[in-house]
1. Could you list, in sequence order, the residues of region 255-269 that are polar (S, T, N, Q) and either at pLDDT 95 or above or part of a helix (DSSP H, G or I) (or both)?
2. Look through region 239-267, keep the residues that are near ligand 2 (Cβ under 10 Å from one of its atoms) and polar (S, T, N, Q), and return whichever of them is nearest to Ala318 (Cα to Cα).
3. Counting only residues that are within 20 Å of the chain's Cα centre (by Cα) and of a type in the set (Ser, Thr, Tyr), which one in region 87-134 is nearest to Gly271 (Cα to Cα)?
4. Among the residues of region 134-188, how many are over 22 Å from Thr248 (Cα atoms) and either among the basic types (Lys, Arg) or without any contact (Cβ under 8 Å) to a residue 12 or more places away in the chain (or both)?
5. Report whether or not Met348 is surrounded by 20 or more Cβ atoms within 10 Å (Cβ to Cβ), modelled with pLDDT of 95 or more, at negative phi and not aromatic (Phe, Trp, Tyr).
6. In contact with a Pro (Cβ under 8 Å, 6 or more places away or on another chain) and either exposed (fewer than 14 other Cβ atoms within 10 Å of the Cβ) or within 18 Å of Arg233 (Cβ to Cβ) (or both): is that true of Leu126 in this structure?
7. Would you mind finding the one in Ala118, Ala73, Ala85, Ala46 that is within 16 Å of ligand 1 (Cβ to nearest atom) and not assigned by TED's automatic domain parsing to the domain that holds Val315?
8. If we scan region 283-298, do we find a residue that is more than 14 Å from the chain's Cα centre (by Cα), in the same structural domain as Ala347 (by TED's automatic domain parsing), free of Cβ contacts under 8 Å to residues at least 40 places away in the same chain and not in a loop (DSSP other than H, G, I, E, B)?
Amino acid sequence: MKKHIVVIAGDGIGQEVTAVGKQVLDAVAQKYGHEFTYDTALIGHAAIEATGNPLPEETITKSKASDAILFGAVGHPKYDNDPSAKVRPEQGLLGIRKALGLYANLRPIKLFDELLGASSIRPEILKGADILFFRELTGDVYFGEKGRSDDRDTAYDTMIYSRYEVERIARKAFEAAMTRRRRLCSVDKANVLESSRLWREVVQAMAPEYPDVVVEHQFIDAAAMLLIKDPRRFDVVLTGNLFGDILTDEASQIAGSMGMLASASIGDTTGLYEPIHGSAHDITGKGVANPLASILSAALMLDISFGMKAEAEEVVSAVDAALKAGYRTRDIADADTPDDMILGTEAMGSQILTQLASVA
Ligand code: NAI
Ligand code: MG
C-alpha cells in the first residue's frame, strides 16, 4: 500500500522521539512491502522562530495533502513563564486540530504487564486493563458562549452539543467497540445537564445499529470512581470534551508513565498521531526521552488511518517483547533495573527495530 505521511516533530523531545517513531514506520513498510513517503513541516516554537507563525500556511497545506500526520510536541520554556505572550507554540496544535476538523481524540490506555509496578494502583486491580477513550475535541463548554457580568462578579460558560456532533464521534466509538471487546460505556451527567440528556439520547438511538455492542451509560462522577476501583470493566469509553479531559488524565495514571501513552486525533480525513506528553524541556537534548509513546502513536496510525491491523499489532508486540526482555528507559526503570538495561531514546528505538526484525 502507498501512503504519504507528514512528520511534524515540533519542539523539544518531540524531535527526538518522532525520529524514532518514523524509523519504526520505515521498518514496517519494508517488512510488509508498503511504500511510505514522507514530508516534514514546521509547528510551534520552531515555526515561530523560522516564520513568526506557530502554524505556517504551508504546514496546513502539506497536512491536508497527506494520509496521516506523525506529530511530536510543541512548547518552549520561554512561553511557560509568560502567559501574556500573544504568539504561542500551542496555537500551532490547536490550530491544526481545527484546520483538519479533528473532532475525536482517541487515547488507548494499555497496560503492559511488565510495567504493572509503575502505577500507583495495585497490580491485582490493574492487570489486563485495556481501555480506549473517545474524547470529543471540538465542542462542549470549551467552545460554548462565555462571558462576565458588567461588574465582573459573575461569569458563565455554556455547555453545548448538537446532535451531529455527538453522532459523528459516537459512530467512531461504536465502530471501534466492534473491533474490540464490544463494550461501550458512554459517560455523561444526564441526571443534571440538558446537553448530557441529548448526548445520552443520541447514543441510545444509535445502539440498535450495533446489536453486538453492549452499551452502558455512566455518570461522570461514578465513572471517575469506577476507573480506579475496577479499570478492567471498561473497553471503549465515549465522552464529551470536558469530562474526557479529566477522565483521560486520571486514566493516564493507570499506565504509569507519560512516556508510554499515545493518542490519535481523527476527523473525516487526515488523522494526527502524537504522544500525550509535551516537549519536556527538562530532558531535551539529553537523549533519554522514552520513544515508546511515539512508536505506539505510529502503531495507531497504521491501525486507524491505514487499516493495517496486523502491522499495528506487530509494533505493539515488539514494544511488549522489549519490555519483557527487561529493557527500560529511565522514566519506566525502577530500583531493580540493572544499569545496563536502562536505554536512551535511540537505543530503545533500536531494540524495537530488532524485535520487529526478529518476528517472521
Ligand atoms: P511534559 O509532558 O513535557 O513533561 C512532564 C514530565 O514528564 C517531565 O518531567 C518530563 O521529563 C516527563 N516526560 C514527558 N515525556 C517523557 C518521555 N517521553 N520520556 C521520559 N519522560 C517524559 O509536560 P510539561 O513539562 O508540563 O510541559 C513542557 C512543555 O510541553 C510546555 O511548554 C507545555 O506547554 C508543552 N506541552 C505540549 C503538549 C503537546 O504538544 N501536546 C502537551 C503538554 C505540554
Ligand atoms: Mg488535560
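The values are calculated or read from the model by the stated rules, or taken from the named source; none is laboratory data. Bear in mind that the values here come from a model prediction, so they are computed numbers and not experimental data. Backbone-built Cβ (ideal geometry, glycine too); neighbour counts: all protein chains shown.
1. Residues of region 255-269 that are polar (S, T, N, Q), as a first pass: 257, 263, 265, 269.
Across region 255-269, the qualifying residues are Ser263, Ser265.
2. Step by step, filter region 239-267, then rank; the result is Ser252.
3. The residue in question is Tyr103.
4. 13
5. Values: surrounded by 20 or more Cβ atoms within 10 Å (Cβ to Cβ): yes; modelled with pLDDT of 95 or more: yes; at negative phi: yes; not aromatic (Phe, Trp, Tyr): yes.
Against the criterion (surrounded by 20 or more Cβ atoms within 10 Å (Cβ to Cβ), modelled with pLDDT of 95 or more, at negative phi and not aromatic (Phe, Trp, Tyr)), Met348 qualifies.
6. Values: in contact with a Pro (Cβ under 8 Å, 6 or more places away or on another chain): yes; either exposed (fewer than 14 other Cβ atoms within 10 Å of the Cβ) or within 18 Å of Arg233 (Cβ to Cβ) (or both): yes.
Criteria met by Leu126.
7. Details: Ala73 fails: not assigned by TED's automatic domain parsing to the domain that holds Val315; Ala85 fails: not assigned by TED's automatic domain parsing to the domain that holds Val315; Ala46 fails: not assigned by TED's automatic domain parsing to the domain that holds Val315.
Testing whether each residue is within 16 Å of ligand 1 (Cβ to nearest atom) and not assigned by TED's automatic domain parsing to the domain that holds Val315 leaves just Ala118.
8. No - not one qualifying residue is present in region 283-298.
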